[in-house]
Every structure is written in C-alpha cells, then in structure tokens.
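Following: one structure in structure tokens, then a few remarks.
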Amino acid sequence: MDVFDFGLIFGAALLAGALNAIAGGGSFFSFPALLVAGVPPIIANATNALALWPGTLASVGAYRQELHGQQRDIWLFSGLSLIGGLVGAVLLLYTDERRFTALIPYLLLFATLIFTFSPQITRLTRYVAGTHDGSQRLLVVIVYVAIAIYGGFFGAGLGILTLAALSLLGYDNIHRMNALKTLQAALVNGIAVVTFVATGLIAWMPALVMIGGAIVGGYGGAAIAQRIDAGRVRTAVVWLSIGLTIWFFVRG
C-alpha cells in the first residue's frame, strides 16, 4: 500500500465514523475503500469490523442509563449475539476467497435495501408486534440468531435488523431500543473481531490507520449531529450505497 491508499482508507474511516454518529451507513464507505486499496476481500471485511468496533463499544457507555431495567433481554440477546457472531465469523473463515468476492455485490445490495427501507421495516415490525401476543418470542429468538450470524459474517445493516427484531418483541421506546441494539452490535462485532485477530485475519497497518480515522470522524460527527439534518445525510448515503452496489455488480 502506498501513501494514496493510506490516505484513502483514513478518509473513508473518517467519513464512516462521522456517518455512524449521525445517520449510520459507515461501512458502505470503509469496506469498499479497503478493497480499492488492494486489501483481499475477506481480510478487508475482518479489518473493517475491527476498525469500526471501538466506536460501537464507546457508544455502549453513552447508553448505559437506557440499559437499566432491561436485564432479562440483555442476558437473552447477549448470549445469542455471542453465539451468532462467533458462528458468522467462523463461516467467514471457512468461506473461499473467490466465493466471498462473488457474494460482495449481493451482500452490499442486501445491506443497501435494509438501510434504504429501514423506516418501512420498522413500521411493519411494529404492526406485526401489535397484532400478536407474546407467543412470538421464540420466533424472534430464531430470527435474531440469524441476524447475529449475518453480523459476524458481514455486518452492514446489523443495527437496523436488530431494531426490527426488538420491534417484534413490542419495544417502542427508541432510546431503549438503540441502547440494546448498540450493546448487541458491540458483542456481535466483538466476538467476531476476537476470532479474526486470533486467526490472523487482520491487516494491522490499515486497521490502525482506520481506527484513528474512525475515532476522529466519530467525535466530529457526534459534535455536529445536533446541527445537521440527519435525514439529508441519510438520503445521500442511500444514493451513494446504491451507486457502490451497482459498481460492484458491474465490475464483478
């Protein structure tokens, strides 16, 4: 990697950290930047997970007050997150590089659709939750295990999918939902990162550059989040993610 490549991934991580603090969708920029810089796809995926994980972990502390009173679901979802995240990470380890490369456009398409239609997904799951009693808890558990496995394998859109699962359980307080979602994202990504580090799947120099960029971007994004229209930022991310997805389909 040359100076341009390091500048590219630092800038992408800076943008990713800021976007995650404002509207989400940071992985749409940080992951492709690693690929453009020449990092092999599976290693790029693992490195991206490590680079953005500290920001997620820091957010857990900001939500600690909202986590009070949720011990039952914290224990349930935390266990599922660790199991699913580990399974997803192991699946990535045993995925052939060529097969994973072929999957990238479809993974980005799935994440783009989830991100684009997240308001509709949220409304639908709240409607479904309102038309059933608590008997769907087992179904939610099964669905969330699949979500956690996806998170350990790739991860983009994990937060939105988690919010949808919580809506199915009848959650309607967005602050409590975000608190539990953030904790679970930290656990899913954390167990995946531990697995990637233990198996030597991290490109350390790019990872360190991106961690620095993500921290600076996250701090700056949090500082301006109250003064910027998050809806417009989100719209821009949607269109850019659509463009990136099309580009990966064309080049693949």
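The values are calculated or read from the model by the stated rules, or taken from the named source; none is laboratory data. All of these numbers come straight from a predicted model, not from anything done at the bench. Virtual Cβ from ideal backbone geometry, glycine too; neighbours counted across all protein chains shown. The protein model used for the area step is the full one, side chains on, heavy atoms only, and it has no ligands, DNA or RNA in it. Shrake-Rupley method; radii C 1.70, N 1.55, O 1.52, S 1.80 Å.
In the condition set (1) of a type in the set (A, V, I, L, M, F, W, C); (2) open to solvent by 20 Å² or more (accessible area, probe 1.4 Å); (3) touching a residue at least 40 places away in the same chain (Cβ under 8 Å), residue 42 is compliant with all but (2).
For segment 191-221, enumerate the residues that are more than 30 Å from residue 3 (Cβ to Cβ) and surrounded by fewer than 20 Cβ atoms within 10 Å (Cβ to Cβ). Those that are more than 30 Å from residue 3 (Cβ to Cβ) and surrounded by fewer than 20 Cβ atoms within 10 Å (Cβ to Cβ): 194, 198. For residue 8, the test of being of a type in the set (A, V, I, L, M, F, W, C), over 16 Å from the mean Cα position of the chain (by Cα) and surrounded by 16 or more Cβ atoms within 10 Å (Cβ to Cβ) is passed. Kindly provide the set of residues from segment 50-80 that are among the hydroxyl-bearing types (Ser, Thr, Tyr), within 21 Å of residue 214 (Cβ to Cβ) and assigned to a helix (DSSP H, G or I), ordered by number. Once the filter is applied, which keeps residues that are among the hydroxyl-bearing types (Ser, Thr, Tyr), within 21 Å of residue 214 (Cβ to Cβ) and assigned to a helix (DSSP H, G or I), segment 50-80 yields 56, 59.
With the structure loaded, tell me whether residue 51 is open to solvent by less than 10 Å² (accessible area, probe 1.4 Å), small (Gly, Ala, Ser) and over 14 Å from residue 155 (Cα atoms) or whether it fails that test.
For residue 51, the condition - open to solvent by less than 10 Å² (accessible area, probe 1.4 Å), small (Gly, Ala, Ser) and over 14 Å from residue 155 (Cα atoms) - is not met.
With respect to the conditions (1) open to solvent by 70 Å² or more (accessible area, probe 1.4 Å); (2) among the aromatic types (Phe, Trp, Tyr); (3) over 16 Å from the mean Cα position of the chain (by Cα), residue 110 falls short on a single one, namely (3). The condition (being assigned to a helix (DSSP H, G or I) and either in contact with a Lys or Arg (Cβ under 7 Å, 6 or more places away or on another chain) or of a type in the set (S, T, N, Q) (or both)) is satisfied by just one residue among 101, 95: 101.
Counting only residues that are over 26 Å from residue 64 (Cα atoms) and modelled with pLDDT of 85 or more, give me the helices (runs of 4 or more DSSP H) lying completely in segment 146-252 with at least 3 of them. Here the list reads 174-198, 204-224, 230-251.
Restricted to segment 60-86, and to residues there that are β-branched (Val, Ile, Thr) and either closer than 17 Å to residue 155 by Cβ or exposed (fewer than 12 other Cβ atoms within 10 Å of the Cβ) (or both), the residue that is farthest from the chain's Cα centre (by Cα) is 83.
Restricting 89, 13 to those that are open to solvent by less than 20 Å² (accessible area, probe 1.4 Å), in a helix (DSSP H, G or I), farther than 30 Å from residue 168 by Cα and of a type in the set (A, V, I, L, M) reduces the list to 13.
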